[in-house]
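**Q** Just dropping this structure here.
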Amino acid sequence: MTDSMTPNVETARSAEHIGAPVDYRQNPADVAVLLNEAKAALQSDRELARTCVARALDLLHEDPVPESGPSACSYGGLADWQVRRTVAYIEAHLDSPIRVKDLAALTRLSASHFSRAFKRSFGQAPMTYVSRKRVQFAQRLLLTTEDSMCQIALACGMYDQAHLTRVFRRLVGDSPTAWRRRHAAGPPPPPATFRHAFR
C-alpha cells in the first residue's frame with residue numbers, strides 16, 4: 001500500500017516537462033520534488049541546489065493558493081487553472097523579467113483583462129504580487145545564504161542592489177542589509193512581513 005502523502009515524483013516531473021503547471025502547495029509533500037532536484041544538483045551545480053532548497057522552504061511557509069490567493073467564487077476573477085498556471089510561472093521565473101503580457105498569454109487573456117481579473121482574484125496588481133514574491137525569496141536567501149546583496153538582487157530578478165533595496169524597503173520597511181543583520185541570529189520570521197505599501 002502506498003502512502004497517500006508520498007509525492008509521485010515521476011508524475012510531477014513529467015507534468016513539468018510537458019509544460020503543465022505543477023502546484024506544489026496542492027500537496028505540501030510534493031516539495032520533495034524540489035528537494036530531490038536539489039540533491040541531484042548538489043555535486044554539479046551548488047547554486048541550483050541552493051535555489052531549489054530556498055524555493056522549497058518558501059512553498060512550505062506560504063499559505064495554499066485558495067487561502068492566500070483568489071476565491072474560487074470571485075466573480076470576474078481568474079479561473080482556478082489560470083491561478084495555478086500564473087502562480088507556477090511566477091515562482092519558476094523569479095530570477096527573470098516577468099511581464100504582464102506574458103502572464104496574460106499563459107491565461108489566454110488580453111493584458112488589460114488579465115490585470116483586472118488578477119486584481120479581483122488576488123486583491124493586488126500582478127506586478128505588486130510579483131514584487132512581493134521576489135522580496136519573500138530575497139528574505140529567504142538573506143537568511144539561508146551568505147550571498148552578497150548584488151547576487152541576491154540578481155537571483156530575485158532585480159536589476160541591481162539599489163533596485164532590491166528600494167523594493168525591499170518599500171515592502172518591508174527596512175533595508176535588506178539591516179533586515180538580514182536583525183534576523184540572522186533569531187528564528188526566521190514569517191514570510192509575509194510586509195507593510196501595506198501597495199494597498
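**Q** If we count other beta carbons within 10 Å of each Cβ, what is the order of Leu57, Leu48, fewest first?
**A** Fewest-to-most Cβ neighbours within 10 Å comes out as Leu48, Leu57.
**Q** Based on C-alpha coordinates, I'd like the Rg and Dmax of segment 112-160, in Å.
**A** In Å, with Rg to one decimal and Dmax whole: 13.5, 41.
**Q** With θ set to phi - 60°, apply the Karplus curve 6.51 cos²θ - 1.76 cosθ + 1.60 along segment 108-120 and write out the HN-Hα couplings as whole Hz, x wherever there is a Gly or Pro.
**A** 6, 10, 6, 4, 5, 5, 4, 4, 5, 5, 4, 5, 5
**Q** Something else now. Lysines near Lys119 by alpha-carbon distance under 20 Å, same-chain residues fewer than 8 away left out - which ones?
**A** Filter leaves Lys101, Lys133.
**Q** Rounded to the nearest 0.05, what FRET efficiency is calculated for Lys39 and Cys150 with R0 set to 30 Å and r the Cβ-Cβ distance? Could the numbers behind the result be given before it?
**A** Working: r = 28 Å, r/R0 = 0.93.
Step by step, r from the Cβ atoms, then E = 0.60.
Every number in this text was worked out from the coordinates using simple rules, so none of it is lab data. The structure presented is a predicted model; accordingly, all values stated were derived computationally and were not measured. All Cβ positions, glycine included, derive from the backbone under ideal geometry; neighbour counts span all protein chains shown.
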